[in-house]
1. With contacts defined as alpha carbon pairs under 8 Å and 6 or more residues apart, what's the relative contact order of region 325-541 in percent?
2. Would you mind telling me the antiparallel percentage of the DSSP bridges in the chain, rounded to 5?
3. Could you point to the residue in His520, Asn337, Thr447 farthest towards the positive end of region 325-541's charge dipole, with +1 and -1 charges on the Cβ of Lys/Arg and Asp/Glu respectively?
4. Could you sort Glu409, Glu433 by accessible area so the largest value comes first, with the probe set to 1.4 Å?
5. Round to a whole angstrom and tell me the spacing of the C-alpha centers of region 352-394 and region 512-569.
6. Computed from these coordinates, which is Kirkwood radius over Cα pairs in Å: (1) 25.7; (2) 38.6; (3) 24.4?
7. Enter the Cα centre distance for the pair region 208-230 and region 95-148, rounded to the nearest angstrom.
8. How much mean residue ellipticity at 222 nm does the chain get from its helices, if each DSSP H run of length 4 or more adds -39500 (n - 2.57) and you divide by all residues, to the nearest 500 deg cm²/dmol?
Amino acid sequence: MDLENKLNPAVSRRGFVGAAAAGAAALGLAACGNTGSDTKGSAAGSSSSSVEEIVADKDGFVVKAEKTDGKAPKNECIIALEGEIQNMHPMNWSDGNSGNVVYYIYDSLYAFDEDYNFVPKAADSYEVSDDACTYTFHIHEGITFEDGTPLDADAIVTNYQECIKKENGWRRRRMFIRTIDDNTEETRIDNVYKVDDDPLTVAFHLPKPYAPFMNSITQFYIVNPKVITDPDYDYGKKSAGSGPYILEEYAKGDHCSLVKNDKYWGGQKDEGEVTIDRVDFKIIPEAGSRIAALQTGEATVIYPMPTDQVATVRSAGDINMVSMPSTTMRYVTLNTNVKELSDVRVRQAMNYAFNQDEYVKVMYAGAATPATSVLPALVPGYKEQEPFAYDLDKAKSLLKEAGYEDGFEVEIIGDNSTQETKGMTFVMQQLKEVGIDVKVVPNEAATNAEIAAEPEDTTKIQMWYVNWSQSDADGFMRSLLSTAMTPPTGYNTAFWKNEEFDNELQLGNEGKTEDEQNQHYAKCQDIVWPECPWLYLASDNTLMSYKAYLTGIKYVAQGIDVIHAKLNA
């Protein structure tokens, strides 16, 4: 598949400029047989032959609707999601579903399109100085927030100043402030200012080059300056953006309802008008209920699409199903402070005992790629590593060498959705083959978020079945594996620490050229891979199904995008 193959007319494929060619063949993967030593036998949790293998055509369609003349009940798009929308704060969200909703309400200066190009949003254009230290943005004229306040250079300066205030404790602060240790921080931006008193020109000055700066800008959502300075403002009750939709109601754990912003400035010229009156995000954790809602029309879009329901979608006739390579990495964090998990031989043994190919078949019906690095293959800077080929003899030998010939007991937490619970159970079954007794503990997503935020000296995490998606190597590895990003600052819940890794990561994000950056990011991957701070699982495709009466849907870095889609209502 080349980059020119779009999912037309209904959906645009997600891919990376520069990286898409390498990862494009990941669509429609055939499930592989066992590899490695001859001692594998039949892996625990093997897949059922009744589950259809997911294979997409050149345009990414697994199923293409035959009945295309249906009508939507209302001019309303209902998006059914598996996981919760945890936080409506545009500067403090942490999960992908929350970020997806925020994307509809608030504007950033630039965003990613479906091919991971930077495209204008609230800014019409930008320039970068020769020393790569000054980014100057030219703001689109006439943008206003919901109450009529202008989105201008002063608003952006105010937003940045509030974003980096330590007392606010917002997660977006981490994009602009680097934490070195508990007492030391380093600013990545030393000045944000209005240029030449022009209300529509704003500049960000960096003390030194920072490779992921533009990636950060795509997540820097701009809030009404009258609101952003109010520490008591409840973003779950009333929005304060300039985007195409306004918050109507947010019921945590159940739904989030948005209505069209009649005062929306319109976006860039080539995006088209906003025609859908209402977008509802509904939380439906149970896979069967999600597919049933799509069949009856109670949902317009479902994500993720259950991998064992392809035949159901095909028989319906009025549903499209697409499979797209993604930047999602599935992994199990291994707390290196837990006695048994502190030994690298144990962590390596767990990876040798885990059959990635079987995991891809059982969990994703072939629509995934076994992990061959801590980065998905689509992330620029990815470097392939030597896989831990499934080998029970090798795993048992390493456990014996480490003093755990008889195994040990350990606990794994994860979200309590159908798919996540199934994944944890698969891990449990696999590790049981080498004597490791895994206790599966499914929790509400919010509960896991609280557990994951506990600092090193009080954390209860032993293993965490989790996933992460990000578009740049620095953001991916810094957030999950750098010393400075152990909780509560970040998400290094393996509490793995390596000074050489940290240094290479820093050199990477200071590199002036992509080649220079990627050389350092490659070294980071070489360092961390054999250390096994994670149980390496897979990078799964984005699987999404939607009614044929919806056209123009896209899947972008921020999630499902129906802002400029149309309903045949």
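1. In percent, rounded to a whole number, it is 35.
2. 75 percent
3. The residue sitting most towards the positive pole is Thr447.
4. Ranked from most to least accessible, the order is Glu409, Glu433.
5. 16 Å
6. Among (1) 25.7; (2) 38.6; (3) 24.4, the one derived from this structure is (3).
7. The two parts, judged by their Cα centres, are 9 Å apart.
8. Result for the chain: -7000 deg cm²/dmol, rounded to the nearest 500.
The values are calculated or read from the model by the stated rules, or taken from the named source; none is laboratory data. Just so it is clear, the model here is predicted, and its values are computed rather than measured. We place every Cβ from the backbone using ideal geometry, glycine too, and count neighbours over all the protein chains shown. Accessible surface areas use protein heavy atoms only, side chains included; no ligands, DNA or RNA. Shrake-Rupley method; radii C 1.70, N 1.55, O 1.52, S 1.80 Å.
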